[in-house]
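Following: one structure in structure tokens, then a few remarks.
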Amino acid sequence: MKVIATGVPGVLVLEPRIFGDSRGFFFESYNERVFSEATGLAPRFVQDNHSRSSEGVLRGLHYQLHRPQGKLVRCVAGEVFDVAVDIRRGSPSFGRWTGAHLSADNKRQMWIPEGFAHGFLVLSGFAEFLYKTTEYYAPEHERAIRWSDPQVAVAWPGDGAPLLSAKDAAAPLLAEAELP
């Protein structure tokens with residue numbers, strides 16, 4: 001596995017070794033030992049999630065106020081632009097974001113540690129998105145930051161407004177958000 005550092009410390013892009021021939025391909029999407037040796041991390045995953053969204057859907061920027069989740073995310077069908085925003089108070093990179101294109105074709109994954117808000121924008125006709133989490137989903141603790149916050153200034157690809165849930169459309173700016 002190749003580990004690619006991003007512009008925000010702690011967030012990593014992971015490229016698996018892919019074995020392919022005329023029949024198709026094989027790769028390990030997760031191997032605890034390989035992940036730990038490559039990253040120096042040993043997260044304990046407790047939940048796997050799978051979502052499907054249509055083109056133009058933006059989910060996020062989500063986080064949990066209590067019981068924060070580390071996430072290992074990947075796109076298994078289509079393509080997304082995946083984003084992590086540092087919301088750790090006192091962090092030298094507080095409010096900074098990093099993003100990466102994740103797709104079924106490139107098979108890249110992103111590791112997003114606890115203390116980050118996370119979101120993605122679907123760039124293809126549809127996308128199926130998988131993520132492992134280090135903590136269980138707790139709806140009573142879920143919060144969001146507005147996707148278009150000018151302080152964070154994520155450079156989302158594409159033109160026009162994305163398709164948002166009512167909750168994401170009403171999310172507060174980072175400066176007004178309840179943070180862990």
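Within the range 152-165, the set of residues being without any contact (Cβ under 8 Å) to a residue 60 or more places away in the chain and either under 12 Å from L61 (Cβ atoms) or among the hydrophobic types (A, V, I, L, M, F, W, C) (or both) comprises A153, A155, A161. Residues in the range 46-72 that are buried (at least 17 other Cβ atoms within 10 Å of the Cβ) and touching a Leu at 6+ places or on another chain (Cβ under 7 Å) were compared, and the one that is nearest to A155 (Cα to Cα) is L58.
For the range 63-74, the condition holds for at least one residue, the condition being that it is touching a residue at least 24 places away in the same chain (Cβ under 8 Å), in a loop (DSSP other than H, G, I, E, B) and polar (S, T, N, Q).
Would you be able to say whether some residue in the range 95-106 is farther than 26 Å from I145 by Cα and surrounded by 13 or more Cβ atoms within 10 Å (Cβ to Cβ)? Taking every residue of the range 95-106 in turn, at least one turns out to be farther than 26 Å from I145 by Cα and surrounded by 13 or more Cβ atoms within 10 Å (Cβ to Cβ).
Among the residues of the range 157-180, those that are in a loop (DSSP other than H, G, I, E, B), exposed (fewer than 14 other Cβ atoms within 10 Å of the Cβ) and of a type in the set (A, V, I, L, M, F, W, C) comprise A161, A170, L173.
Among the residues that make up the range 33-46, is at least one of them touching a residue at least 24 places away in the same chain (Cβ under 8 Å), closer than 24 Å to L121 by Cβ and not small (G, A, S)? There is no residue in the range 33-46 that is touching a residue at least 24 places away in the same chain (Cβ under 8 Å), closer than 24 Å to L121 by Cβ and not small (G, A, S).
Considering only residues that are in a loop (DSSP other than H, G, I, E, B), within 15 Å of the chain's Cα centre (by Cα) and not polar (S, T, N, Q), which ones fall in the range 2-22? G7, V8, P9, G10, V11 - these are the residues of the range 2-22 that are in a loop (DSSP other than H, G, I, E, B), within 15 Å of the chain's Cα centre (by Cα) and not polar (S, T, N, Q).
We did not get these values from a lab; they are worked out from the coordinates using the rules stated. Here the structure is a predicted model, which means the values were calculated and not measured. So basically every Cβ, Gly included, is an ideal-geometry build from the backbone, and we count neighbours across all protein chains shown.
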